[in-house]
1. Taking R0 as 30 Å, what's the FRET efficiency between Arg163 and Lys44 from their Cβ-Cβ distance, rounded to 0.05?
2. For the residues Ser156, Ser15, what sequence is obtained by ranking on other C-beta atoms within 10 Å, fewest first?
3. Quick one: order Val154, Val31, Val67, Val37 by neighbouring beta-carbon count within 10 Å, fewest to most.
4. Charges only on Cβ, +1 for Lys and Arg, -1 for Asp and Glu: so what's the dipole of segment 108-179 about the Cα centre, in debye to the nearest 20?
5. Evaluate E = 1/(1 + (r/R0)^6) for Asn22 and Leu175, where r is the Cβ-Cβ distance and R0 equals 25 Å; express this FRET efficiency to the nearest 0.05.
6. Using label points projected 7 Å from each Cα along Cα→Cβ, tell me how many nm separate Ser15 and Phe3, to one decimal.
7. Among Tyr25, Tyr176, what is the fewest-to-most ranking by other Cβ atoms within 10 Å?
8. Given the C-alpha centroids of segment 137-152 and segment 1-79, what is the distance between them in whole angstrom?
Amino acid sequence: MTFEEEKLFKKIYDSNIKRIYNLCYGYLHNVEDTEDVTQEIFIKIYKNLKKFKGKSSLQTWIYRIAVNEVLDFIKHRKRKKRFGLVRQIISIDEESENFEIPSFEEKSFDEFQKREILLKAIRKLNINQQKALILFYFSGLTHEEIAEIMRKSVSSIESLIFRAKKNLKTILFNLYSEI
């Protein structure tokens, strides 16, 4: 990279690190994973900066990379969890008649914080509603910016956010009524 490209990357990093971190945290809800994925996003931006063609705004290009990277991480993590559970089940002595699926710790309501309940509810929304809601509330983007990132119209973004809030209200009501 040339000195000018290095300078541009530093400017991109400085002006976007907080927003990208918040975006990642909105999806991952874990500081360590958020830090790792944020770092991977900026590595990807650094490596691909020469490929930026200017067909969309730089901000949109950065957010597309970020959202795709976070979603890839989540997919990989889910596969890893399922594989780990399968390996754990398979490793149980096959001759044993006391075959049990490993139990998972359950937390009482008192241990949950309001934030954790909200994040759990957000995860129950469909992926487009999650994206729109997280980009709007966690990253502070405008409807226009989200529309460009998600390649949808502004009115469809407004509708996604409206439906996401409505569905979130229902999900939260159901979560509280279960407790």
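1. With R0 = 30 Å, the Cβ-Cβ based efficiency is 0.45.
2. Placing the least packed residue first, the sequence is Ser15, Ser156.
3. By the 10 Å Cβ count, ascending, the order reads Val31, Val154, Val67, Val37.
4. On the way: 12 positive and 8 negative charges, 44 e Å.
With Lys and Arg at +1 and Asp and Glu at -1, about 200 debye.
5. Numbers: r = 24 Å, r/R0 = 0.95.
Rounded to the nearest 0.05, the efficiency is 0.60.
6. 2.1
7. Tyr176, Tyr25
8. 15
Since every read-out is calculated from the coordinates, none of them should be taken as a lab result. Not measured: the values here are computed from a predicted model. Every residue, glycine among them, receives a Cβ derived from its backbone with ideal geometry; neighbour counts consider all protein chains shown.
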